[in-house]
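Reading through the structure tokens given below for one structure.
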Amino acid sequence: MISFKTPKPNALLTAIRQAIDNKKITTWTYNANDYFTHTPDQWMGKAWLLPSVVAGSELRFAIVPPQNGRIGTEVYAVYHGRFIEMALAHFDSQFGDGAATAMPTAADKITSA
């Protein structure tokens, strides 16, 4: 799980989507169901990040495997690390703490990383 502590989690999520739509962020995309994926050829569609909002305190992203797929340790690490890197590079003033769990949480949709 990735989490960003912020008093305005909906605004942060909207800003991320807008930056992708405006091509300010080109290494991530999202689909109509609001699942985010990393766009470099090596990583595209290897996993998905599904956002959820804890009103007034946190924006979270659970990791989800591709349909009929599994997520290995390397994919888990890359998706978490690079998403936090993107957030730090573009939205550092919109959250206080950004973190990733080393192991999947109950919210993540995988049985093992």
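Restrict the check to the range 71-92 and report whether at least one residue is of a type outside the set (S, T, N, Q) and outside any helix (DSSP H, G or I).
Within the range 71-92 (the criterion being of a type outside the set (S, T, N, Q) and outside any helix (DSSP H, G or I)), the answer is yes, since at least one residue qualifies.
For the range 1-18, check the following and say yes or no: at least one residue is among the hydroxyl-bearing types (S, T, Y) and within 14 Å of the chain's Cα centre (by Cα).
yes
Given the criteria assigned to a loop (DSSP other than H, G, I, E, B), free of Cβ contacts under 8 Å to residues at least 24 places away in the same chain and under 13 Å from I2 (Cα atoms), does A107 qualify?
Criteria not met by A107.
Considering only residues that are surrounded by 15 or more Cβ atoms within 10 Å (Cβ to Cβ) and touching a residue at least 24 places away in the same chain (Cβ under 8 Å), which ones fall in the range 12-26?
L12, L13, A15, I16, A19, I25
Give the residues of the range 1-44 that are small (G, A, S), closer than 26 Å to M103 by Cα and out of contact with any strand residue (DSSP E or B) (no Cβ under 6 Å at 6 or more places or on another chain), sorted by residue number.
Matches in the range 1-44: none.
Yes or no, residue by residue, for (1) small (G, A, S); (2) exposed (fewer than 15 other Cβ atoms within 10 Å of the Cβ); (3) modelled with pLDDT of 95 or more:
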| position | (1), (2), (3) |
| --- | --- |
| H38 | no, no, yes |
| A55 | yes, yes, no |
| I71 | no, no, no |
| V75 | no, no, yes |
| G81 | yes, yes, yes |
| D97 | no, yes, yes |
| T105 | no, yes, no |
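What's the number of the only condition in (1) within 16 Å of K109 (Cβ to Cβ); (2) part of a strand (DSSP E or B) that Q67 fails to meet?
Every listed condition holds for Q67 apart from (2).
Taking the range 54-64, which residues are part of a strand (DSSP E or B) and small (G, A, S)?
Answer for the range 54-64, where residues must be part of a strand (DSSP E or B) and small (G, A, S): just A62.
For P51, which of the numbered conditions (1) surrounded by 18 or more Cβ atoms within 10 Å (Cβ to Cβ); (2) part of a helix (DSSP H, G or I) fails to hold?
(2)
The values are calculated or read from the model by the stated rules, or taken from the named source; none is laboratory data. Just so we're clear, the structure is a prediction, and the values are computed from it rather than from any experiment. Counting neighbours? That spans all protein chains shown, and the Cβs are built from the backbone with ideal geometry, glycine included.
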